[in-house]
1. Can you give the extra length, in nm with one decimal, that the chain gains between Phe29 and Ser70 once fully stretched, where that is 0.36 nm per residue apart less the Cα-Cα distance?
2. Taking the Cβ of Ala78 as the centre, find all other residues whose Cβ is under 9 Å away and add up their charges (Lys, Arg: +1; Asp, Glu: -1).
3. Tell me, what is the percent relative contact order of the chain, built from C-alpha pairs under 8 Å that lie six or more residues apart?
4. Working out 0.36 nm times the residue gap between Asn58 and Glu88, then minus their Cα-Cα distance, what length gain in nm do you get to one decimal?
5. If you roll a 1.4 angstrom probe over the protein chains with everything in place, what fraction of the accessible area of the stretch 1-108 belongs to carbon and sulfur, to the nearest %?
6. Show me 18-30, 53-65 ranked by packing, highest mean number of other Cβ atoms within 10 Å first.
7. Averaged per residue, what accessible surface does the chain expose to a 1.4 Å probe, in Å²?
8. When the solvent-accessible surface of protein heavy atoms is calculated with a 1.4 angstrom probe, in what order do Glu6, Glu88, Glu46 fall, highest first?
Amino acid sequence: QVHVVESGGGLVQTGGSLRLSCAASGSIFSIYAMGWYRQAPGKQRELVATITSGGNTNYADSVKGRFTISRDNAKNTAYLQMNSLKPEDTAVYYCNVIERSMNYWGQGTQVTVSS
């Protein structure tokens, strides 16, 4: 079993920045990928960014150039640096961890961008 905990959410003004962290712990042998997803009220959960153990990244078009995902493999931790935040980035952000073909999710962290 893998336990996933997100942190770093909060309230920020338009144009501001936040850094989210995702820490995985428990029975970890090899994490293939870590990623961030978000869900706004009344909308489906959507991909924000993912990163593999080899460092390959993938971003949603809506965040390219503004968000950066990174990872510390030794700490089983992923980060999401969010710059130039917009009100439409407001959502609950969830961390996803893929470990030995199993998907694990955190409880989410709220990000609110005020206009």
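1. On the way: separation 41, 0.36 × 41 = 14.76 nm, distance 1.98 nm.
Gain on stretching Phe29 to Ser70: 12.8 nm.
2. Details: positive: Arg71; negative: Asp72.
Taking every Cβ under 9 Å from that of Ala78, the sum is 0.
3. Numbers: 287 pairs, mean separation 42.9, N = 115.
Relative contact order of the chain: 37 percent.
4. Values: separation 30, 0.36 × 30 = 10.80 nm, distance 1.98 nm.
Extra length available between Asn58 and Glu88 comes to 8.8 nm.
5. Numbers: 2710 of 5790 Å².
Heavy-atom surface of the stretch 1-108 belonging to carbon and sulfur, 1.4 Å probe: 47 percent.
6. Working: 18-30: 15.5, 53-65: 12.3.
Per-residue mean Cβ counts within 10 Å order the peptides as 18-30, 53-65.
7. On the way: 6130 Å² over 115 residues.
Computed with neighbouring chains in place, this is 53 Å² per residue.
8. Values: Glu6 20, Glu88 125, Glu46 85 Å².
The most accessible residue leads, giving Glu88, Glu46, Glu6.
The values are calculated or read from the model by the stated rules, or taken from the named source; none is laboratory data. Everything numeric here is computed off the predicted structure, so don't read it as measured data. With ideal geometry, Cβ positions are generated from the backbone for all residues, glycine too; neighbour counts draw on all protein chains shown. Side chains included, ligands, DNA and RNA excluded: accessible areas come from the protein's heavy atoms. Shrake-Rupley method; radii C 1.70, N 1.55, O 1.52, S 1.80 Å.
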